[in-house]
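The values are calculated or read from the model by the stated rules, or taken from the named source; none is laboratory data. These numbers were taken from a predicted model, which means no experiment stands behind them. When we count neighbours, we look across all protein chains shown, and the Cβ atoms used for this are built from the backbone with ideal geometry, even at glycine. Areas reflect the complete protein model, heavy atoms only, side chains present, ligands, DNA and RNA absent. Shrake-Rupley method; radii C 1.70, N 1.55, O 1.52, S 1.80 Å.
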Amino acid sequence: MSTTSAEIKPGKASLLYDPKIRGYVYQFALLAVVGFLIWSAASNAIENLRAQKIASGFGFWHNAAGFDVNQKLIPFSASGSTYGQAFWVGLLNTLLVASIGIVLSTFLGFFVGVARLSSNWIVSKLAMIYVEVIRNLPLLLQLFFWYNAVLKPLPNPRQSIELPAGFLLNNRGLYVPDPQFGPGGNLIIWALLIGLVATFVFRFWARKQQAATGKQYPIGLVAFGLIIVLPLLVYFATGRPITFVYPELAGFNLRGGIQIFPEFVALLVGLTTYTAGFIAEVVRAGILAVSKGQTEAANALGLRAGPTLKLVVIPQAMRVIIPPLTSNYLNLTKNSSLAVAIGYPDLVQVFTGTVLNQTGQAVEVVAITMAVYLTISLVTSFFMNIYNKRMALVER
Amino acid sequence: MTDATTEMAPYAFVRRETLEQQPAPLSVAGPLAWVRQHLLSSPLNIALTLVCLYLVVDSVPGLIRFYFLDAVWTGTSRDACLADKVGRPVGACWAYIADRFQYFIYGSYPISQRWRVNIVFVMFALGVVWLLWTSAPKKKLGIFFFFVLLPISAYVLLLGGPGAERFLGFCLTVTLALAALYVVLSFVPQLVRFYIGEAAVGVVQQLPIWKRFFGPKQLVLFALAIFVFLSLLANSPGLPRVDTGLWGGMTVTFLIAAVGIVFSLPLGVVLALGRRSRLPIIQLLSVIFIEFVRGVPLITVLFMANTMLPLFVPQEYSPDRLLRPLVGVALFAAAYMAEVVRGGLQAMPKGQYEGAMSLGLGYWSMMRLIILPQALRIVIPGIVNTFIGLFKDTTLVTIVGIFDFLRTIEATLVDPTWATPTTRATGYAFAAVFYFLCCWGMSRYSIAVEKRLAAGQKR
C-alpha cells in the first residue's frame with residue numbers, strides 16, 4: 001500500500017500553490033487585519049476618552065443614579081439608588097413585557113393563522129388583511145400609532161372610560177382592581193401551585209401508562225379539576241379571603257387599584273399584534289406543510305375531525321412551526337427595545353438611554369446591553385433547540 | 001343496458017332529441033350555494049360570519065367617511081381642518097399632507113438644490129427597474145450601474161462641495177485612463193493579438209472599429225458617460241455643499257435602504273462564504289460576527305454606531321452624523337443577508353461543486369462562475385424579504401436623531417400651523433400608505449419571482 005501510493009505521488013508542487021500553505025496565509029492575513037482594527041479602535045477609544053475626560057471601567061455601577069423610573073418591579077428611587085439598580089429595573093421591565101408579549105402573541109398568532117385557513121370566506125379574508133397590513137408596516141409606526149394616536153387622546157382621569165370588572169382606562173393608563181389577600185389567602189396560592197405540580201405529575205404518569213398499556217386517561221378533565229376547581233374550593237372553604245380594592249376618583253387622580261402605564265400598554269399591544277402577524281404565517285405554513293394524505297389516512301382509520309387534528313396534524317405541523325416560532329420569540333424580545341421611542345422604561349431606555357447620557361461611558365454601557373440581549377438570544381435558542389430535537393422527526 | 005333495450009324494445013322510451021342543458025341545482029352552485037358553503041356551513045361558522053360582518057360594518061364605513069367623505073383636501077392652515085371653523089364634521093386633513101409634501105420628500109434640503117435629489121431619485125428608479133424587470137437588457141451593466149455608479153453619483157450629487165468634486169475628478173481620471181487604454185488596445189492589431197490570443201484576432205479585425213470597443217469595456221464607457229454628465233452639472237449649475245444635517249424625509253429613508261442593500265449584499269456573500277469555509281479561523285470569525293449581530297436588536301447596533309464609532313476613530317476623522325447609522329444598518333443587514341445566502345449555498349447539490357472542480361476551476365472561479373449565480377438566484381425571494389425587513393427598520397434611525405420619513409411626519413405633528421384634532425390620524429395614515437405600498441410591492445415581486453423560479457419544478 002505504502003509503496004504504491006509512493007509511486008503515484010505526484011511531484012511536489014511549489015509552495016505557492018499548496019492549498020494548505022495558502023489557507024494558513026489567508027487566515028494569518030485576516031487575523032492580522034482584524035487584530036489591527038481592534039487594536040487601533042481600542043487605542044483610539046482610550047485616547048478619545050482621555051481627551052473628553054470620561055472615566056473608563058465599571059466604577060459607575062455603584063454611583064448614585066439620581067433619576068426616577070415610573071414603572072419598576074424592584075424598589076428604585078431617585079435618591080439612594082445606583083446605576084446598577086437602574087440596570088436591573090430596566091432588565092426586569094424588558095423581560096416582563098417580552099414574556100407577556102410572547103404568551104399573548106402566540107395565542108393571537110395561532111388564532112389568526114388558523115383563521116386564515118378557515119373555510120369561512122370572510123374569516124379567512126379578514127385574517128389575510130390583518131396579516132398583510134401588520135407585516136407591511138414598520139413596528140415603530142405601529143407603536144407611535146398605539147401610543148400617540150390611541151392611548152394619548154384618551155380622556156383624563158375624571159372622565160375615565162369604565163370597562164367591565166372595575167377596570168378604568170384614561171390617559172394615565174389602565175387601572176386594574178388590586179387584589180388584597182386576607183387571612184388564609186395564601187392557601188389559595190398554595191392550592192394553585194399544588195394543582196399545577198400534580199397536573200404535571202399526573203400527565204407524566206398517564207403518558208407512561210398509555211405507552212405501556214395503551215389505556216388512555218382523561219388528562220384534560222383532571223387538569224381542570226386540579227388547576228381550577230381545587231383553588232376555587234379552597235377559596236370558598238377559607239371564607240373568600242380575597243377582596244379587591246377598586247380604583248376610584250380622588251381629587252384629580254385615581255386612588256387604589258394597580259396602575260398599568262400607557263407606555264407599557266402601547267408597547268405590549270404593538271409587540272403582540274405585530275409578532276402575531278408573523279406567527280400567523282408560521283402557523284399557516286406549518287399546517288399546510290402536513291400533507292393531505294395524513295388527514296385522509298387518519299379519516300380512513302376512523303378518527304373524527306377533533307382527534308385527527310390533535311393526534312395527527314398538529315404534532316406534525318409543530319415540527320415545521322417550532323424553529324421559525326423561536327426566531328419570532330427572539331425578534332419580539334429584541335423588538336421590545338423600541339420601547340425607547342415611546343418612553344417605556346426597558347433596558348435600552350433606562351440603561352442605554354438615561355445612564356449612557358449621564359455617565360458618557362458609551363463603551364461599557366453599550367457592551368453590557370448587547371451582552372444581555374445576546375445572552376437572552378443564546379439561552380432561548382439553546383432551550384428551543386433541545387425542545388426541537390425532541391420533536392424532530394427521527395428517521396429510521 | 002344494451003340487453004335491456006333490445007329485449008324490451010317495443011316498450012322502451014327513447015328520447016330522440018337532446019335536452020336543454022339545465023342549470024346546476026341552487027344547493028351546489030351559484031351565489032346562494034357559495035354563501036351557504038363558505039359562510040354558513042355550521043353553527044360555529046354562522047357565528048363567526050356574524051362577528052366578522054359586525055366588525056366590517058362597524059369599522060369600514062366610519063373609516064371611509066373619515067378619510068374620504070368628510071376629509072378636507074385643500075387649505076393653507078389649520079383653520080381649514082377645524083370643525084367649528086368649517087361648520088361641518090371634519091375627517092382627515094389631507095390639506096396638511098399636500099402643504100407639507102415637499103418637506104416629507106426632501107426634509108430641509110435647500111429648495112434651490114432639490115433638482116439634485118430628483119436626479120438621484122430618477123437614477124435610483126432606473127437602476128431598480130433595470131435590475132428587477134426580468135426581461136430588461138444588459139443585466140450586467142445594470143448591476144454595475146446600481147452597485148457602483150449609483151452610489152458614487154448619489155454621493156457627489158447629494159453632498160456636493162469641494163470634497164465630492166475632487167472625488168468626482170478622481171473617478172473621471174480613472175475611467176478616462178481605462179478608456180484610453182482600451183481604445184489603444186482595440187486599435188493596435190499587434191496588441192490585440194497579444195491581448196486576446198491568436199485565434200480571435202481574425203474575428204476582431206473583421207469587426208468595424210467601433211464594435212471592437214466592446215465587452216467589459218462598455219462598463220467603462222457607461223461610467224465615463226455618467227461621470228461626464230455629473231461634471232457638466234458640477235460645472236454649469238454648480239454643486240454647493242449641502243450638509244447631511246439638512247437631509248431628510250423620503251430621501252433619507254431611500255438612502256438608508258439603498259446603502260443597506262448595496263453594501264449588505266456583497267458583504268453578506270463574503271460572510272456566507274466565510275461561514276462555509278474550511279479554514280477554521282475564517283469560519284470562526286464569520287460565525288462570531290453573524291451570530292453576534294443577529295443576537296442583538298438593531299437599536300443597540302445604532303446606539304453603538306452613534307456613540308462608539310466616533311470613539312473608535314481618531315478625532316479628526318470623526319464620522320458624519322448620518323454616516324454612523326448608515327454603517328450600523330449596513331453591518332446589521334449584512335449579517336441577515338449572510339444567512340440567506342448561506343441557505344442558497346447549502347441548497348447547491350454537491351455535484352455542482354464537483355463539476356466545477358473537475359473542470360479545473362479554482363475556489364474563486366468556481367464560486368463566481370458556477371455556485372454563486374445559481375445560489376443567489378435561488379434566494380432572490382429571501383433577499384427581497386430581508387430587504388423588506390431592512391426597509392421597515394430604517395424607521396429606527398428616528399431614535400438616534402436622523403430625519404427620516406417617519407421623523408419628518410412626527411416633526412410636523414407638533415407644528416402649531418397644522419395642529420388639529422385629526423392631523424395625527426392623517427399623518428400616520430399617510431406614513432402607513434407609503435410604507436405599505438413599498439413593502440407590499442416588494443413582497444408581491446418576491447412572490448412573482450418565486451413562482452417563476454418554481455416553474456421548472458412544476459410537472
Please identify, among A:V348, A:V197, A:V131, the residue showing maximal mean-square fluctuation in a Gaussian network model of chain A using a 10 angstrom Cα cutoff. A:V197
Can you classify the range B:1-156 as rounded, prolate or oblate using the Cα gyration tensor, where a ≥ b ≥ c are the square roots of its eigenvalues, rounded means a/c under 1.5, and otherwise it's prolate if a/b beats b/c and oblate if not? oblate
For every other residue with a beta carbon closer than 14 angstrom to the beta carbon of B:L219, add +1 if it is Lys or Arg and -1 if Asp or Glu, then tell me the sum. +4
Please list, by residue number, everything in the range B:405-447 whose backbone N is under 19 Å from a paramagnetic label point 7 Å out along Cα→Cβ of B:R65. B:421-423, B:425-426
FRET efficiency (B:V433, B:S108; Cβ distance; R0 30 Å; to 0.05) is 0.80
Any idea what the relative contact order of chain B is, in percent, if you count C-alpha pairs under 8 Å spaced at least 6 apart? 16 percent
Nearest 0.05, what FRET efficiency do A:L233 and A:F36 give at R0 = 51 Å with Cβ-Cβ as r? 0.10
Karplus ³J(HN,Hα) for the range B:220-232 (6.51 cos²θ - 1.76 cosθ + 1.60, θ = phi - 60°; Hz, whole; x = Gly/Pro) runs 4, 4, 5, 4, 4, 4, 4, 5, 4, 4, 5, 5, 4
If you average 1/r over all unlike Cα pairs in the range A:256-396 and invert the result, what Kirkwood radius do you get in angstrom? 18.3 Å
Let me check the size of chain A from its C-alpha atoms; what are the radius of gyration and Dmax in Å? 28.7, 101
What FRET efficiency would be calculated for the residue pair B:V414, A:W121, taking the C-beta separation as r and a Förster radius of 60 Å, to the nearest 0.05? 0.85
For chain A, what does the helix formula give at 222 nm: sum of -39500 (n - 2.57) over DSSP H segments with n ≥ 4, over the residue count, nearest 500 deg cm²/dmol? -20000 deg cm²/dmol
For A:A276, what charge total do you get from the other residues with a beta carbon under 15 Å from its beta carbon, if Lys and Arg give +1 and Asp and Glu give -1? +1
With the 1.4 Å probe rolled over protein heavy atoms, chain A has an accessible area per residue in Å² of 57 Å²
Sequence-distant aspartates and glutamates (8 or more away, or on other chains) whose Cα lies within less than 15 Å of B:K392: A:E132, B:D404
Structure-based [θ]222 nm, chain B - -39500 (n - 2.57) summed over DSSP H runs of at least 4, per residue, nearest 500: -21500 deg cm²/dmol
Summed side-chain charge close to B:E339 - residues other than B:E339 whose Cβ falls under 10 Å, Lys, Arg +1, Asp, Glu -1: +2
Keeping all protein chains in the complex and leaving out DNA, RNA and ligands, what accessible area do you get for B:Y445 with a 1.4 Å probe, in Å² to the nearest 10? 60 Å²
Using only Cα atoms, locate the centre of the range B:310-347 and the centre of the range A:285-357, then give the distance between them in Å, rounded to an integer. 29 Å
Where the eigenvalues come from the Cα gyration tensor of the range A:153-278, what are the semi-axes √(5λ) of the equivalent ellipsoid, largest first, in whole Å? 40, 23, 10
From the square roots a ≥ b ≥ c of the eigenvalues of the alpha-carbon gyration tensor of the protein assembly as shown, which class results: rounded (a/c under 1.5), prolate (a/b over b/c), or oblate? rounded
How big is the Cα convex hull of the range B:65-175 in projection, averaged over all directions, in nm²? 10.6 nm²
Out of every Cα pair in chain B, what percent are spaced more than 29 Å from each other? 66 percent
Computed curve, the range B:277-317, Cα-only Debye sum without solvent term, log₁₀ I(q)/I(0) at 0.31, 0.32 Å⁻¹, is -0.93, -0.96
Assigning unit charges at the beta carbon (Lys, Arg +1; Asp, Glu -1) and nothing else, what dipole magnitude in debye, to the nearest 20, does the protein assembly as shown show about its Cα centre? 1820 debye
A:S43, A:S337, reordered so the largest accessible area comes first (probe 1.4 Å): A:S43, A:S337
Over all directions, the range B:385-459 yields a Cα convex hull whose mean projected area in nm² is 6.3 nm²
Can you return the aspartates and glutamates within cross-link range of A:K53? Criterion is Cα-Cα under 19 Å, with same-chain partners fewer than 8 residues away left out. A:E364, B:E316
Which percent of Cα pairs goes in each bin when the distances of the range B:91-138 are cut into 5 angstrom slices starting at zero? 5, 17, 16, 15, 14, 12, 11, 7, 2, 0
For the pairs A:K20/B:K139; A:K208/A:K389; A:K208/A:K334; A:K125/A:K389, flag any whose C-alpha to C-alpha distance is greater than 27 Å. A:K20/B:K139; A:K208/A:K334; A:K125/A:K389
Spatial extent of the range B:235-316: Rg and Dmax, with the Cα atoms as the point set, Å: 17.7, 55
Report the accessible surface area buried between chains B and A, summing both sides, using a 1.4 Å probe on protein heavy atoms only, in Å² rounded to the nearest 100. 4400 Å²
Relative contact order of the range A:263-396, defined on C-alpha pairs under 8 angstrom at six or more residues apart (%): 27 percent
Would you kindly enumerate the cysteines in the protein assembly as shown that have no other Cys beta-carbon under 4.7 Å from their beta-carbon? B:C52, B:C171, B:C438, B:C439
³J(HN,Hα) across the range B:410-427 via Karplus (A = 6.51, B = -1.76, C = 1.60, θ = phi - 60°), whole Hz, x for Gly/Pro? 4, 5, 6, 5, 8, 6, x, 4, 10, 6, 10, x, 9, 4, 4, 4, 5, x
So how long is each side of the range B:319-459 along the principal axes, counting just the alpha-carbon atoms, biggest first, in Å? 72, 46, 16
Restricting to lysines and to Cα separations under 18 Å from A:K215, and discarding same-chain partners fewer than 8 apart, the set is A:K310
Connecting every pair of Cα atoms under 10 Å apart in chain A and solving the GNM, the largest mean-square fluctuation among A:F264, A:F224, A:F67 falls on A:F224
Could you calculate the contour length gain from B:L19 to B:R278, that is, 0.36 nm times the residue separation minus the distance between their Cα atoms, to one decimal place in nm? 85.7 nm
